[in-house]
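Presented below is the structure to which this report refers.
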Ligand code: T4K
């Protein structure tokens, strides 16, 4: 345990962890079951194009969510692009800036203007009050993002989209196996989009899906993800290649066998973090509503620098030196990334909560690779760093200043 400032690895001592602890480490599947499925795929010599494993995965996901259609895709970004096109979005679409850049790029890629909306600081999800203020005659839709797997205010967003005749999509990339008012996420809006990237709670190496209860929309999306082919030599619509391959589907089916175990592991970690972080002034752990289904995939902290006297980036630096690879999230906000920063240089004026949150938020490692003793140690380092926040802040600034001076002398 680190009990003196000089014990911290940032000042040159041995890190608390000999191996790096990651945010986003994939959970292990039953390797034997995966190999059996992959062997079968090789024996059949059927690798892609709506194979039996993709069909099984789609069936299993649709059943789990309680939705009529699940259309598996090669990744979440293409799934977003196809869903956006299939529901007919154009002109302007309202989207939070506090999201992964893919949500926004999927619009701009199709020459649709993203209109950034602020978030509710309590939920970190799109702020329904601001949505109504930024609707214009060119607005055709809203994309909500269920950040951290905590659902958007679905009822209000559905009412708003109905009132203004807008399409409603949800980026549910974080929200596999999560619910809203007891109903599984994946059933709401015109369609919902999932990412099954390696870093997600549920992964197919790369992959994603669109889920919907709309039969016509599902049909359209199926065509679009397969170049618009409705049969041999018969192309009936615009399309692209959004197909998931069989090995990825086999990975998904295999991981689905262990979902409950992963949730239990994540919940145990979340509870442990909750206990250990309790009463650290200036650090707030984002809480999950345990009456809902949650995947507890994200351990999210908000740092109040005025209280801790040390800022989020300094805390991350301290943790990284100890081999705890804590991460900022969605930094610096999509509106500050290109091409949006150049298109809308003043967007930040309407996004005060987003601008505040991207400075303060950080995520910590969880998942099956992290155990109780790791969490105790990580939280001890955080508690220690905050207790000595002001001293550490001074010392880290001094070290940085000296380094910069040495650098400029060397030039
Ligand atoms: N919408 C939202 C809200 C999203 O979060 C995402 C994806 C999308 C849409 C788009 O879906 P996809 O098209 O990606 O399916 C990652 C992912 O690339 C991205 O999928 C994800 N969101 C985003 C939030 O994060 P990075 O840059 O953080 O990934 P990377 O490579 O730094 O990985 C993070 C950590 O995970 C590493 O430090 C180590 C660990 N890791 C990662 C990989 C890939 C592993 O241990 N093993 C691995 O195989 O972007």
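The values are calculated or read from the model by the stated rules, or taken from the named source; none is laboratory data. Everything numeric in this text was worked out from a predicted model, so none of it was measured. A quick note on method: Cβ atoms are made from the backbone with ideal geometry, for glycine too, and the neighbour counts reach across all protein chains shown.
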request  = Confirm whether residue 112 is at pLDDT 95 or above and under 20 Å from residue 102 (Cβ atoms).
outcome  = yes
query = What number of residues within the stretch 3-18 satisfy the criterion of being part of a helix (DSSP H, G or I), in contact with a helix residue (DSSP H, G or I) (Cβ under 8 Å, 6 or more places away or on another chain) and closer than 18 Å to residue 376 by Cβ?
reply = 1
inquiry  = The conditions are (1) away from the ligand (no atom under 16 Å from the Cβ); (2) in contact (Cβ under 8 Å) with a residue 60 or more places away in the chain, and residue 91 fails exactly one of them. Which is it?
reply    = (2)
request  = Kindly provide the set of residues from the stretch 47-88 that are more than 16 Å from the ligand (Cβ to nearest atom), assigned to a loop (DSSP other than H, G, I, E, B) and either under 30 Å from residue 113 (Cβ atoms) or touching a helix residue (DSSP H, G or I) at 6+ places or on another chain (Cβ under 8 Å) (or both), ordered by number.
outcome  = 47, 48, 51, 67, 68, 87, 88
inquiry  = Testing residue 238 on (1) buried (at least 20 other Cβ atoms within 10 Å of the Cβ); (2) more than 14 Å from the ligand (Cβ to nearest atom); (3) within 14 Å of residue 84 (Cα to Cα), one condition comes back false. Which one is that?
reply    = (1)
note = Sole miss for residue 111 among (1) surrounded by fewer than 21 Cβ atoms within 10 Å (Cβ to Cβ); (2) part of a loop (DSSP other than H, G, I, E, B); (3) under 20 Å from the mean Cα position of the chain (by Cα) is condition (3)
ask   = Would you pick out the residues in the stretch 302-338 that are crowded, with 21+ Cβ neighbours inside 10 Å and not in a loop (DSSP other than H, G, I, E, B)?
value = 303, 308, 312, 314, 315, 318, 319, 324, 334, 335
All positions within the stretch 349-360 that are under 19 Å from residue 299 (Cα atoms) and out of contact with any helix residue (DSSP H, G or I) (no Cβ under 7 Å at 6 or more places or on another chain) = 354, 356, 357, 358
Residue 129 being closer than 23 Å to residue 77 by Cα, away from the ligand (no atom under 16 Å from the Cβ) and without any contact (Cβ under 8 Å) to a residue 40 or more places away in the chain = no
message = Could you go through the stretch 19-40 and let me know if any residue there is more than 16 Å from the ligand (Cβ to nearest atom), closer than 30 Å to residue 252 by Cβ, outside any helix (DSSP H, G or I) and in contact (Cβ under 8 Å) with a residue 12 or more places away in the chain.
response = yes
key: Within the stretch 138-172, considering residues that are within 13 Å of the chain's Cα centre (by Cα) and part of a helix (DSSP H, G or I), the one nearest to the ligand (Cβ to nearest atom)   = 147
query = Would you say residue 175 is in contact (Cβ under 8 Å) with a residue 24 or more places away in the chain, buried (at least 24 other Cβ atoms within 10 Å of the Cβ) and either assigned to a loop (DSSP other than H, G, I, E, B) or away from the ligand (no atom under 14 Å from the Cβ) (or both)?
reply = yes
remark   = Counting only residues in the stretch 158-172 that are free of Cβ contacts under 8 Å to residues at least 60 places away in the same chain and surrounded by 24 or more Cβ atoms within 10 Å (Cβ to Cβ), the one nearest to residue 82 (Cα to Cα) is identified as 170
ask   = Do we have any residue at all in the stretch 182-200 that's surrounded by fewer than 24 Cβ atoms within 10 Å (Cβ to Cβ), within 13 Å of the ligand (Cβ to nearest atom), closer than 17 Å to residue 81 by Cα and free of Cβ contacts under 8 Å to residues at least 40 places away in the same chain?
value = no
note = Picking from 277, 255, 223, the residue that is more than 16 Å from the ligand (Cβ to nearest atom), under 21 Å from residue 149 (Cβ atoms) and in contact (Cβ under 8 Å) with a residue 12 or more places away in the chain would be 277
